[in-house]
Amino acid sequence: MTGMKLFPASLAAALLLMPVIAKAEPPMSAEAFDTYATGKTMTYSLAGRVYGTEEYLPGRRVRWAFTADICQFGSWYQQGEDICFLYDGDPEPHCWKFWDRGGWLDALAVTDAPDAGLSEVAETEEPLACAGPDVGV
């Protein structure tokens with residue numbers, strides 16, 4: 001992939017402390033998150049292992065895929081300090097708080113997995129490669 005930015009492996013150690021550290025700082029606003037994320041495809045890790053990748057499209061639309069899974073389309077919106085995602089076919093919102101760590105993001109789930117912290121580990125402007133029925137979309 002061209003234009004991919006990778007982040008240091010030392011993030012795994014930071015992941016262990018992230019939920020404690022993150023709560024001490026205010027999360028990103030929806031405007032800051034939109035500015036940071038739109039036009040990017042970001043890969044996230046959980047406890048040092050790749051968790052999934054999300055492409056942030058204009059108009060607060062997204063494409064998400066767990067590692068080696070089919071893509072899910074959805075959108076995001078602000079709810080208080082949270083950034084909440086709704087995916088097609090899933091009526092339950094998945095809400096997160098995001099922090100900009102100087103060129104990479106930390107995220108903390110607030111609805112479906114409390115204290116489950118994700119960290120951005122790679123970023124590109126290339127579209128998300130979708131497996132399954134969305135190939136070529």
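Remarks
- Among the residues of this structure, ASP112 counts as one that is of a type in the set (Asp, Glu), modelled with pLDDT under 95 and in contact with a strand residue (DSSP E or B) (Cβ under 7 Å, 6 or more places away or on another chain).
- Some residue of the range 79-96 being at pLDDT below 95, touching a Lys or Arg at 6+ places or on another chain (Cβ under 7 Å), buried (at least 18 other Cβ atoms within 10 Å of the Cβ) and assigned to a loop (DSSP other than H, G, I, E, B): no
- Hey, GLY74 part of a loop (DSSP other than H, G, I, E, B) and of a type outside the set (A, V, I, L, M, F, W, C) or not: no
- Flag set for MET1, criterion: within 20 Å of GLU125 (Cβ to Cβ), modelled with pLDDT under 95 and in contact with a strand residue (DSSP E or B) (Cβ under 6 Å, 6 or more places away or on another chain).
Here's the yes/no breakdown for (1) within 25 Å of GLU126 (Cβ to Cβ); (2) in contact with a His (Cβ under 8 Å, 6 or more places away or on another chain); (3) not aromatic (Phe, Trp, Tyr):
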{"site": "GLU25", "(1), (2), (3)": "no, no, yes"}
{"site": "PHE33", "(1), (2), (3)": "yes, no, no"}
{"site": "GLY39", "(1), (2), (3)": "yes, no, yes"}
{"site": "THR43", "(1), (2), (3)": "yes, no, yes"}
{"site": "GLU54", "(1), (2), (3)": "yes, no, yes"}
{"site": "GLN72", "(1), (2), (3)": "yes, no, yes"}
{"site": "GLN78", "(1), (2), (3)": "no, no, yes"}
{"site": "CYS84", "(1), (2), (3)": "no, yes, yes"}
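The values are calculated or read from the model by the stated rules, or taken from the named source; none is laboratory data. All values reported here derive from a predicted model rather than from experimental measurement. Heads up, the Cβs are rebuilt from the backbone with ideal geometry, glycines too, and the neighbour counts pull from every protein chain shown.
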